[in-house]
Structures are given as structure tokens and as C-alpha cells.
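As C-alpha cells, the structure follows; a few thoughts come after it.
The values are calculated or read from the model by the stated rules, or taken from the named source; none is laboratory data. Here the structure is a predicted model, which is why all the values come from computation and not from measurement. Don't worry about glycine lacking a Cβ; one is built from the backbone with ideal geometry, like all the others, and counts go over all protein chains shown. Side chains are part of the model used for accessible areas, which takes the heavy atoms of the whole protein and leaves out ligands, DNA and RNA. Shrake-Rupley method; radii C 1.70, N 1.55, O 1.52, S 1.80 Å.
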Amino acid sequence: DVLMIDTAPGGVMSGRIYVLQVDGELRVKRIERRISGQILVVSDNNRYPVEELPPEALERLHVVGEVVWFGRLARRA
């Protein structure tokens, strides 16, 4: 996939897709924020489980930017 990412500083909104850096690895995931302060890192691909980050682990999470557009090449049969 080809992604267009908005890297301008801003707040993270629940349900949107972000490029995240966690422990040096880049991931493209949805963020779900809970009232408790917990963050759920959710993949649109259901083969990957939801990851839960408690509030004390948030310093490990760096939001690179929000995905504002993506494109996918059609595969030929």
C-alpha cells in the first residue's frame, strides 16, 4: 500500500488510523482510547489481535502521523 501521512502535531482521535512507532518498529493501526486511559491498538486485518497498552506504557508509543489517504495496487490474476 501507498500511504499519505499527516505528520503535523495534533491530538490522537479514537477510531482513526495512525503510523505508530513502538519500541523501534513502525505499525499502521487504528487507535481506540478508553476512558480509563488505556489505549487499544487495532488492526483492520482481523488476523492480528488487538493490543492493549495501559496508561503507564504510553511512553513506548510514538505517533508518527495520521493516515489521511492510502492506495493499493490492483493485483492481476
Next on the checklist: Can you confirm whether V22 is touching a His at 6+ places or on another chain (Cβ under 9 Å) and either modelled with pLDDT under 95 or open to solvent by 60 Å² or more (accessible area, probe 1.4 Å) (or both)?
Outcome noted: yes
Checklist entry - What's the number of the condition K29 fails, among (1) in contact with a Ser or Thr (Cβ under 6 Å, 6 or more places away or on another chain); (2) open to solvent by 50 Å² or more (accessible area, probe 1.4 Å)? => result (2)
Checklist entry - Looking only at segment 35-68, which residues are surrounded by 12 or more Cβ atoms within 10 Å (Cβ to Cβ) and part of a loop (DSSP other than H, G, I, E, B)? => result Q38, S43, Y48, V50
Next on the checklist: Pull out all pairs, ordered by first then second residue, where Cβ-Cβ is under 7 Å, the residues are six or more apart or on different chains, the first lies in segment 48-77 and is free of Cβ contacts under 8 Å to residues at least 40 places away in the same chain, and the second is loosely packed, with under 12 Cβ neighbours inside 10 Å and of a type outside the set (G, A, S).
Outcome noted: R60/D23
Checklist entry - If you go through segment 18-32 one residue at a time, do you hit one that is without any contact (Cβ under 8 Å) to a residue 60 or more places away in the chain, in a loop (DSSP other than H, G, I, E, B) and under 24 Å from L73 (Cβ atoms)? => result no
